[in-house]
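The values are calculated or read from the model by the stated rules, or taken from the named source; none is laboratory data. Not measured: the values here are computed from a predicted model. Here the Cβ positions follow ideal geometry from the backbone for every residue, glycine too, while neighbour counts run over all protein chains shown.
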Amino acid sequence: MSEAADRALILGASSGFGAAAARAFAATGMRVHGVHLDRRSGAARVAALAAELGQSAGSAHLYNTNAADDGRRGEVLDHIGEEVRAQGGRVRVLLHSLAFGSLVPLAPESGPDALPPATRKQLDMTMDVMAHSLVHWVRDLVDRDLLADGARIFALTSSGSHTVLRRYGPVGAAKAALEAHVRQLAVELAPRGITVNAIMAGITDTPALRKIPDHEKVLASARARNPQGRLTRPEDVAEALVALSGPGTAWMTGNVLRVDGGEDITG
């Protein structure tokens with residue numbers, strides 16, 4: 001699928017879907033650039049992932065930084081630009097897999113476990129990280145001529161964009177906005193042959209999912225109704241991303257593509 005200098009840039013690369021995608025693209029020979037934000041306690045896990053990616057692709061770089069910060073984004077792209085000028089190649093795949101938002105109600109709650117409703121700051125932060133940051137990264141990659149013609153851009157959405165989960169309101173709104181950004185970018189980037197699609201994964205037991213209130217019930221419900229009889233795995237999504245990055249998918253753009261074993265249509 002890829003030439004030696006092809007690159008995959010993964011936002012949210014250290015766990016869950018992002019880590020699985022990093023492994024899958026590295027296995028094709030792509031050079032992986034992964035952005036993540038982890039505390040010191042996760043350093044050993046991230047170092048092990050970096051070593052694994054390097055063994056697969058011969059080149060990988062993980063940046064422990066805030067992907068939603070303008071200055072930090074510039075630093076990462078500066079580094080990628082230096083590599084591109086020295087080694088050739090550009091970013092062939094961009095995956096937006098940032099899962100950091102406020103899981104709180106929109107309206108006041110009552111009861112012993114009640115939480116205060118989302119503040120303006122929480123709503124703005126969730127929307128910026130989980131939706132608007134896609135636009136900022138794409139725009140800067142294009143401005144710097146780092147995004148290859150014919151590149152593939154993917155953004156991970158969820159069924160929460162059109163269904164309701166407890167205390168998921170801020171994230172659900174961000175996922176809906178993310179899908180709108182995907183549609184708009186798909187049209188604007190079409191003249192360059194760049195495709196933009198949202199990937200709606202099925203319910204997956206990831207660190208991000210475990211932060212959702214009543215996540216045990218969410219997992220049990222998804223497992224019970226999925227016609228495949230199991231939960232979606234990060235590797236299911238990673239394999240689909242690699243397949244969708246191939247040359248035969250150039251005419252697929254602006255979509256929300258389910259990778260869930262039929263889960264969403266049964267709900």
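Inspection of segment 78-100 identifies no residue that is under 28 Å from G193 (Cα atoms), under 21 Å from the mean Cα position of the chain (by Cα), surrounded by fewer than 19 Cβ atoms within 10 Å (Cβ to Cβ) and among the polar types (S, T, N, Q).
Taking the listed residues A243, A186, A201, the one that is closer than 15 Å to L95 by Cα and touching a Pro at 6+ places or on another chain (Cβ under 9 Å) is A201, with no other qualifying. The C-beta contact set for segment 212-223 (first residue closer than 13 Å to R167 by Cβ, second residue modelled with pLDDT under 85, distance under 6 angstrom, 6+ apart or interchain) comprises H215/L209. In segment 198-230, how many residues are assigned to a loop (DSSP other than H, G, I, E, B) and touching a strand residue (DSSP E or B) at 6+ places or on another chain (Cβ under 6 Å)? Of the residues in that region, 1 qualify.
Those residues that are basic (K, R), surrounded by fewer than 19 Cβ atoms within 10 Å (Cβ to Cβ) and in contact (Cβ under 8 Å) with a residue 12 or more places away in the chain, I need them from segment 122-165; list them, please. If you could, list the steps in order and put the result at the bottom.
Our first condition is that a residue be basic (K, R); within segment 122-165, this holds for 139, 144, 152.
Checking which are surrounded by fewer than 19 Cβ atoms within 10 Å (Cβ to Cβ) leaves us with 139, 144.
Across segment 122-165, the qualifying residue is only R144.
I'd like to check which helices (runs of 4 or more DSSP H) are fully inside segment 15-98 and have at least 2 residues that are free of Cβ contacts under 8 Å to residues at least 60 places away in the same chain and charged (D, E, K, R). Result: 43-57, 70-87. Among the residues of segment 227-255, those that are among the aliphatic types (A, V, I, L, M) and buried (at least 18 other Cβ atoms within 10 Å of the Cβ) comprise L231, V237, A238, A240, L241, V242, L244. Every condition in (1) on the phi < 0 side of the Ramachandran plot; (2) not in a helix (DSSP H, G or I) is met by G111 except one, and the failing one is (1). L9 falls short of the stated requirement of being in a helix (DSSP H, G or I) and of a type in the set (A, V, I, L, M).
So which residues in segment 167-197 are assigned to a loop (DSSP other than H, G, I, E, B) and either in contact (Cβ under 8 Å) with a residue 60 or more places away in the chain or within 16 Å of the chain's Cα centre (by Cα) (or both)? Break it down stepwise before answering.
Taking segment 167-197 first, the residues assigned to a loop (DSSP other than H, G, I, E, B) are 167-168, 193-194.
R167, Y168 - these are the residues of segment 167-197 that are assigned to a loop (DSSP other than H, G, I, E, B) and either in contact (Cβ under 8 Å) with a residue 60 or more places away in the chain or within 16 Å of the chain's Cα centre (by Cα) (or both).
Residues in segment 106-141 that are hydrophobic (A, V, I, L, M, F, W, C) and under 15 Å from H96 (Cβ atoms): M127, V129, M130, A131, L134, V135, W137, V138, L141.
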